[in-house]
Amino acid sequence: MTGLLTFLDLALATASIYFVHQLYSQSHKNAAPLPPGPRQLPIIGNLLDMPSEKEWRKFAEWGEMWDMLEKKGSIYSERPMLQMGGELVGWKNTLVLLPYGDRFKSYRRNFHRSIGSHTSMSRFYPVEESETHKFLKRLLSTPDDLIKHIRQTAGAIILHISHGYEVEVTGDPFVELADIALEQFSLSTAPGNFIVNLVPSLSFLPDWFPGAGFKKTAREWAQTLDEMIEKPHKYVKEQIAKGIAKPSFTADLLGNSDVDAGQEFDIKWSAGSLYGGGADTSRLFYAFFKAMVLFPDVAMNAQAEIDSVIGQDRLPSLADKTNLPYVTALALEVLRWHPVVPTGFAHVVKEDDIHNGYLIPRGTLIIPNIWKILHDPKTYASPMSFDPTRFLGPNPEPDPRQVCFGFGRRICPGRVLADASIFISCAMTLAVFDISKHVDVSGQVVEPIVDQTTGIISHPTPFRCSIKPRSEKALALINAEIERS
């Protein structure tokens, strides 16, 4: 990819790091020692140690020897300035990269008011159920298009909630635009993908300079992001002007009172930030299917609970959640087994901190290894297995939502939405479908590979599976008329 480490990048980075190193050495000459870590090279330090793919695994190796991560309140809550994804592409205006301050608080207020609690979110439950029912129909028709149907459903739910927009049956432009933009977000913010994220001064290179190809990429990706934010927002404003806007996050905030330009900016980018929830849900739901293929006993146990509690004459709903503890635990296990953001989003230390006698200098990048935390055998028994029972009984293992949705002031406000989406998706699917390993034309069973893709947002590697209705009753439920929400 353009922008990855090249000889010229390294030469420029070396010069920059040398001067930074000199300044740092003078300013911290008498400070506590830095914490231990991988051996540094002269001048360039650990630049070459930074992994460019599946970085959570390398961080896990380091963490076994040098685990210094500990949540320490407000001084660890700031976000870094990511030059490629944040500044050059423009994702700095979304909640996940926004610095802590007034605008951050404004976004949080918007989220809390609309989807921040089960009470406020409950008005959108019919949308979740209706769109998931549509997913079942599409899956019945073309089961080989699983990932396409998952993305369509996640996009439909998010766009309905964020902008009151009802997606087209296939190939919706807003859904496709969001998929592209979020993939670009993942690549542009990953720690080792672009050298300009590690050496921000490279952004001042002229476009024609060798090694500055990342600037052309950034302009193209910025255009995609701009369209993803502006087009749905314009749609809502047009609907409001016509008096036909459906209830949504954006319509509620725009139509409640007169808003100035600054408030509208916050509303627009708050709504755009919701797309991350759709990305999380689609990747989690895909991981659910892979888990059901690999662990068929789990699927059968969940189906037995659904049949016992719900019966076979209707589909589960979100109102059934408290009566389906095993299915609820299954949804939690999906969150733990496949963390969508395996390294979390980086934090920055706001001031010098002494941790166990070591200096953590102001400006240090702190990368929480979510994958490692959720796969630590000291915390989770047989962490690579998919076992919902770990969250049941008198001594359940820790709830993964305490980790995978962020820390402290940075807890994701869309967690209620994600929690509801993954539960209803799992429950409805298992109620009517049997999921098993794919058998090729020669009769050989194809074993899925347990792996996930590189990027700050990660999804399971592609796989095939068999998806068939459980019974004639299940088939009737899938084909039943969908109630309009």
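Coordinate-derived values only; no laboratory data. Every value quoted in this text rests on a predicted model; they were computed, and no experiment measured them. For neighbour counting, all protein chains shown are included, and Cβ atoms are generated from backbone atoms with ideal geometry for every residue, glycine included.
Over 19 Å apart at the Cα level, from the set LYS105/LYS268; LYS148/LYS290; LYS134/LYS468; LYS290/LYS378; LYS148/LYS237, are LYS290/LYS378; LYS148/LYS237. The trypsin sites (Lys or Arg not before Pro) of region 355-456 meeting both criteria, a DSSP state outside H, G, I, E and B (loop) and at most 10 other C-beta atoms within 10 angstrom of the site's C-beta, are LYS378.
For VAL348, the amide hydrogen comes within under 5 Å of the amide hydrogens of GLU78, ARG79, ILE366, counting only partners 5 or more places away or on other chains and with H modelled in the peptide plane. Derived scalar couplings between HN and Hα for region 292-301 equal 5, 5, 7, 10, x, 4, 5, 4, 5, 5 Hz in order, rounded to whole Hz, by the Karplus curve 6.51 cos²θ - 1.76 cosθ + 1.60 (θ = phi - 60°), x for Gly and Pro. Taking amide H as placed 1.01 Å from N in the peptide plane, the amide H of ASP353 sits under 5 Å from that of ILE360, ARG362, each at least 5 places away or on another chain. The aspartates and glutamates whose alpha-carbon is closer than 14 Å to the alpha-carbon of LYS234, local same-chain residues fewer than 8 away aside, are ASP226, GLU264. Each peptide in 450-462, 168-180, 327-339 receives the mean, over its residues, of other Cβ atoms within 10 Å, and ordering these scores from highest gives 327-339, 450-462, 168-180. The Rg/Rh ratio of region 123-271, with Rg taken over Cα atoms and Rh as the Kirkwood radius over Cα pairs, comes to 1.06. Taking amide H as placed 1.01 Å from N in the peptide plane, PHE433 has its amide H under 5 Å from the amide H of ARG470, each at least 5 places away in sequence or on another chain.
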